[in-house]
Amino acid sequence: MPIIADIEDLAPAELLLVLSLSHKTGRVTATRGDQKTMLTLRNGSILYAASSAVRERLGDILVKRGAISEHDLQRALDRQGLLLEPRVLGTVLVEMGLVSTAVVHQAVFSQFEAVIRQLLTWDRGELSFQFSEVPDLGAFLIDPAELLVVIGYDGLGPLVKGLVRLALKRAATKTA
């Protein structure tokens, strides 16, 4: 059964934290007039974020940062199109040896941060979460709690802030 709520009643940050802490998999859709934001989560981590208001693609971010050239981007996109098993662009770039995993992760983080930052400015609209299977395409996963901390989102109550700190502590312990 999907979750549907008005943003006035359930803030996007609150929904993301609940989904993250409960390791849910599925798709979040937020709409406000003609604006739309879509997030895909696997086990509580964001693996896709897009918005009608934020149009920066991963390849463009990496070119703008000087991590890859336009030529390298085109080669990777061509290769991605030829793969029998679908893979996300970041994974293709790493497999081709054009960038490190860390560089792609930073770019994906920035891309998702821009989408989430924009979504957090909404004071009205509708949120929905649909539970669904999400295929593993070699995507880079981003923790919503970490994004909210970096953004400096201050709309969280003390209990939720404590949960964010707990989630970050758990994540740090897993990577250590």
(message) Criterion first (touching a residue at least 12 places away in the same chain (Cβ under 8 Å) and in a loop (DSSP other than H, G, I, E, B)) does VAL54 satisfy it?
(response) yes
(message) in a helix (DSSP H, G or I), over 12 Å from the mean Cα position of the chain (by Cα) and buried (at least 20 other Cβ atoms within 10 Å of the Cβ): is that true of VAL104 in this structure?
(response) yes
(request) Could you figure out which of (1) within 19 Å of SER110 (Cα to Cα); (2) not in a loop (DSSP other than H, G, I, E, B); (3) not hydrophobic (A, V, I, L, M, F, W, C) isn't true of GLY66? (result) (2)
(message) Restricting to segment 64-101, and then to whatever is within 30 Å of ALA13 (Cα to Cα) and not hydroxyl-bearing (Ser, Thr, Tyr), can you tell me which residue is surrounded by the fewest Cβ atoms within 10 Å (Cβ to Cβ)?
(response) LYS64
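Across segment 20-51, what is the number of residues that are at negative phi, assigned to a loop (DSSP other than H, G, I, E, B) and either touching a strand residue (DSSP E or B) at 6+ places or on another chain (Cβ under 6 Å) or touching a residue at least 24 places away in the same chain (Cβ under 8 Å) (or both)? It would help to see each step written out before you state the result.
Here is the first cut: in segment 20-51, the residues at negative phi are 20-22, 24-25, 27-32, 34-42, 45-51.
From the residues that got through so far, the ones that are assigned to a loop (DSSP other than H, G, I, E, B) too are 22, 24-25, 34.
Pick out the ones that are also either touching a strand residue (DSSP E or B) at 6+ places or on another chain (Cβ under 6 Å) or touching a residue at least 24 places away in the same chain (Cβ under 8 Å) (or both) and you get 24-25.
So the count comes out to 2.
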(request) Determine, yes or no, whether LEU17 is of a type in the set (A, V, I, L, M, F, W, C), farther than 16 Å from GLU146 by Cα and at pLDDT below 90. (result) no
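The values are calculated or read from the model by the stated rules, or taken from the named source; none is laboratory data. Just so it is clear, the model here is predicted, and its values are computed rather than measured. When we count neighbours, we look across all protein chains shown, and the Cβ atoms used for this are built from the backbone with ideal geometry, even at glycine.
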